[in-house]
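**Student:** My structure is below; once you've seen it, I'll send some questions.
The values are calculated or read from the model by the stated rules, or taken from the named source; none is laboratory data. Since the model is a prediction, treat every value here as computed from it, not as a measurement. With ideal geometry, Cβ positions are generated from the backbone for all residues, glycine too; neighbour counts draw on all protein chains shown. The area values use the complete protein model at the heavy-atom level, side chains included, leaving out ligands, DNA and RNA. Shrake-Rupley method; radii C 1.70, N 1.55, O 1.52, S 1.80 Å.
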Amino acid sequence: MDKLGSLCKRRGFIFQSSEIYGGIGGFWDYGPLGVELKRNVKEAWWRDMVTGHDDTIVQPGSPREYEMCGLDCSIIMHPQIWKCSGHYDLFHDMMQTCRQCKKMFRADHVWEQLKDAPWVLSFAEASSEPASVPELIKFNSVAAMNWAKTKGRKLAPGLALVRNTEVTMSWLAEDLQTNPELQLGVTTLLKYMATEQKARTGLVSPCPLCGGDLTEPREFSLMFESHAGAVKDDENKVFLRPETAQGIFVNFKNVLDSTRVKIPFGIAQIGKSFRNEITPRNFTFRSREFEQMEIEFFCKPAESRQWYTYWRDRRFAWYTSLGMKSEKLRLRDHAAEELSHYSCGTADIEYAFPFLEAGDYGELEGVAHRGDFDLRSHMEGKLVKDAAGNLVVDRGPDGKPKYAGSGKDLSYFDDEAKERFVPHVIEPSAGADRATLAFLCEAYTEDAIPDEKGVPQARVVMKLHPRLAPVKAAIFPLVKRDGMPEIAAKIYRDLKQHWNVFYDEKGAIGRRYRRQDEAGTPFCITVDGQTLTDQTVTIRDRDTCRQWRVKSGDIHNEIANRLTAS
Ligand code: ATP
């Protein structure tokens, strides 16, 4: 991952946001190559899901024909939307704050972060069991005290064992005396090390950064807040949307009334979403500002299971069609206990990102069967499950809905069957940034190719699918004389009308190829001495490095055929 990260910066795929001011956690900028790649990811999605969808035929695996259309909603919407959708009440993470350094951590991430914390690793090493971190840290009081007074001071200044070694050790000594069988697993030991006053606080968890004592988990809202209008009071409080989906639900009736779409149909949207993630990390994987590509697909309740299966498989196939062919991509059905309270079925499309531990996968996209939860919420008000498992309006002690819905009728009348129903929804919800990152990870390849003298040279090549490649072709004059630059510039101008292409006349040809390999450019076109006599150029394939000659008049067709064939 480090190699990919440095390539992303060096070649202008992804930069840290506000870098010259030290950066800002959870925000990223896409550089000149990155912006093209991400736009291509989003355009491929929009084309394949919306504008390129053929609604006159039954798609492979689909129960019947269906229509697709798009929307582009505002980021800030009526705050009642988030109250009815459940985000206002439920969109929380349990957080723990360090009482020493004041940093916040997601409660469910603390122990995972502690495993890699420099101070924990250093302590384990000092306890002379370096190879067995973190399952076993042998407790050796002399080594612990020495560590606390030396390395611990620098690495874990907030740790109770460092701040007040004797008192902290005394609790452990006392407990070991009264209970010689005390199980000292690594978790318990680290808790003892973080606890200065056990009688008063009980055992506390340590901070992964400074070792300080963490508070009990508390709820923290993930929604960014702002105010619409001049007055900053609760009345004017608004939220930056944490997902694009709700904009689709609240426009369901507008779309029905303004188009002739009939159920089954889907509404797609691509746009920014914001979540105040507590521990943004793993590059763009968990950002605070990111883009989603979401579809809300409306269908008859009786057909919803079939549509769910269709969309699950259709979305998985989309990634493989764009070159994500390795076993790192997988489709995982959620177990019943993992499902959210409204969901009748969910599957995640996941990728084994290189920053995850071996065997771990990160979510690229969730495909969820949401029943009639969303449309009903915006009609009736926030819904909860009752004891019998039915969705009912969440009511306060006065019997009134806790958050009233719009009261608008969002049901659908089926002209043919002459029946009215609230459509069921299948939601394939993907992240444009996570998809872009996964495509980058999948594309990153190190291999060796022979140089002009036939000696193998290591190279880095981004084997991006041609549809996604930021630059489709690069055009080079072999040398800067004999009219070659003029011929190359003309080819460049011709191709520029169709694709994003690049002209380069500087440096050795091998180095120019190498730069394009790193940028993921599928084809390099070179004008050389032979071009001057027979008007042919060489085309070089990025992945195989094979070169062949083509008449200059045929270059456009050759590139077009190869771009569409892949
Ligand atoms: P996670 O469990 O990883 O936080 P989630 O289940 O909350 O994800 P959803 O609410 O289902 O995610 O959002 C749909 C998609 O939006 C995700 O599959 C992911 O691709 C993207 N996404 C969600 N949160 C983030 C984020 N913080 N940064 C980048 N992309 C995100």
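**Student:** Within the group ILE278, ILE267, which residue is under 25 Å from ARG312 (Cβ atoms) and not aromatic (Phe, Trp, Tyr)?
**Tutor:** Numbers: ILE278 fails: under 25 Å from ARG312 (Cβ atoms).
None of the other options fit; the residue is ILE267.
**Student:** Among the residues of the stretch 435-453, write down those that are of a type outside the set (Ser, Thr, Tyr) and open to solvent by 50 Å² or more (accessible area, probe 1.4 Å).
**Tutor:** Within the stretch 435-453, the first condition is being of a type outside the set (Ser, Thr, Tyr), and the residues that meet it are 435, 437-443, 446-453.
Listed by number, the residues that qualify are GLU446, ALA448, PRO450, GLU452, LYS453.
**Student:** Tell me, which residue of the stretch 290-309 that is surrounded by fewer than 22 Cβ atoms within 10 Å (Cβ to Cβ) and more than 14 Å from the ligand (Cβ to nearest atom) is nearest to the chain's Cα centre (by Cα)?
**Tutor:** Applying the filter and picking the extreme gives THR309.
**Student:** Another question, if that's okay. Of all residues in the stretch 395-409, count the ones that are among the acidic types (Asp, Glu) and within 17 Å of VAL422 (Cβ to Cβ). Walk me through how you get there before you give the answer.
**Tutor:** Start the filter on the stretch 395-409 by keeping residues that are among the acidic types (Asp, Glu), which leaves 398, 409.
Among the residues that remain, those that are also within 17 Å of VAL422 (Cβ to Cβ) are: 409.
The total comes to 1.
**Student:** Among the residues of the stretch 63-108, which ones are of a type in the set (A, V, I, L, M), open to solvent by 40 Å² or more (accessible area, probe 1.4 Å) and farther than 27 Å from TYR308 by Cβ?
**Tutor:** Those that are of a type in the set (A, V, I, L, M), open to solvent by 40 Å² or more (accessible area, probe 1.4 Å) and farther than 27 Å from TYR308 by Cβ: ILE75, ILE76, MET94, MET104.
**Student:** If you don't mind, there's one more thing I want to ask. Can you list the strands (runs of 3 or more DSSP E) found entirely within the stretch 319-388 that contain at least 3 residues being within 16 Å of the ligand (Cβ to nearest atom) and under 21 Å from GLN292 (Cβ atoms)?
**Tutor:** On the way: elements: 329-333, 345-351, 362-371, 383-385.
Passing ranges, in order: 329-333, 345-351, 362-371.
**Student:** Please state which one of VAL471, VAL422, VAL460, VAL479 is aliphatic (A, V, I, L, M), in contact with a Phe, Trp or Tyr (Cβ under 6 Å, 6 or more places away or on another chain) and open to solvent by 10 Å² or more (accessible area, probe 1.4 Å). Even if it seems obvious, please write down each step before you answer.
**Tutor:** Numbers: VAL422 fails: in contact with a Phe, Trp or Tyr (Cβ under 6 Å, 6 or more places away or on another chain); VAL460 fails: in contact with a Phe, Trp or Tyr (Cβ under 6 Å, 6 or more places away or on another chain); VAL479 fails: in contact with a Phe, Trp or Tyr (Cβ under 6 Å, 6 or more places away or on another chain).
On inspection, the qualifying residue turns out to be VAL471.
**Student:** Looking only at the stretch 389-416, which residues are hydrophobic (A, V, I, L, M, F, W, C) and open to solvent by 80 Å² or more (accessible area, probe 1.4 Å)? First the steps, then the outcome.
**Tutor:** Looking only at the stretch 389-416, we keep the residues that are hydrophobic (A, V, I, L, M, F, W, C), and these are 391-393, 404, 410, 413.
Once the filter is applied, which keeps residues that are hydrophobic (A, V, I, L, M, F, W, C) and open to solvent by 80 Å² or more (accessible area, probe 1.4 Å), the stretch 389-416 yields only PHE413.
**Student:** Follow-up. Out of the strands (runs of 3 or more DSSP E) lying entirely within the stretch 5-80, which hold 1 or more residues that are over 20 Å from LEU437 (Cα atoms)? Before the answer, list the steps.
**Tutor:** Values: elements: 14-16, 28-30, 67-71.
Of the strands (runs of 3 or more DSSP E) lying wholly inside the stretch 5-80, those with at least 1 residues that are over 20 Å from LEU437 (Cα atoms) span 67-71.
**Student:** For residues that are assigned to a strand (DSSP E or B) and open to solvent by less than 30 Å² (accessible area, probe 1.4 Å), scanning just the stretch 261-289, find the one that is nearest to the ligand (Cβ to nearest atom).
**Tutor:** Selected residue: SER273.
**Student:** Using the structure shown, decide if THR195 is open to solvent by 20 Å² or more (accessible area, probe 1.4 Å), more than 12 Å from the ligand (Cβ to nearest atom) and on the phi < 0 side of the Ramachandran plot. Even if it seems obvious, please write down each step before you answer.
**Tutor:** On the way: open to solvent by 20 Å² or more (accessible area, probe 1.4 Å): no; more than 12 Å from the ligand (Cβ to nearest atom): yes; on the phi < 0 side of the Ramachandran plot: yes.
Here the answer is no, as THR195 does not meet what is asked.
**Student:** A further question on this structure: Is it the case, given these coordinates, that ASP348 is surrounded by fewer than 21 Cβ atoms within 10 Å (Cβ to Cβ), at pLDDT 95 or above, charged (D, E, K, R) and out of contact with any Pro (no Cβ under 7 Å at 6 or more places or on another chain)? I'd like the intermediate steps shown before the answer.
**Tutor:** Numbers: surrounded by fewer than 21 Cβ atoms within 10 Å (Cβ to Cβ): yes; at pLDDT 95 or above: yes; charged (D, E, K, R): yes; out of contact with any Pro (no Cβ under 7 Å at 6 or more places or on another chain): yes.
Answer is yes for this residue.
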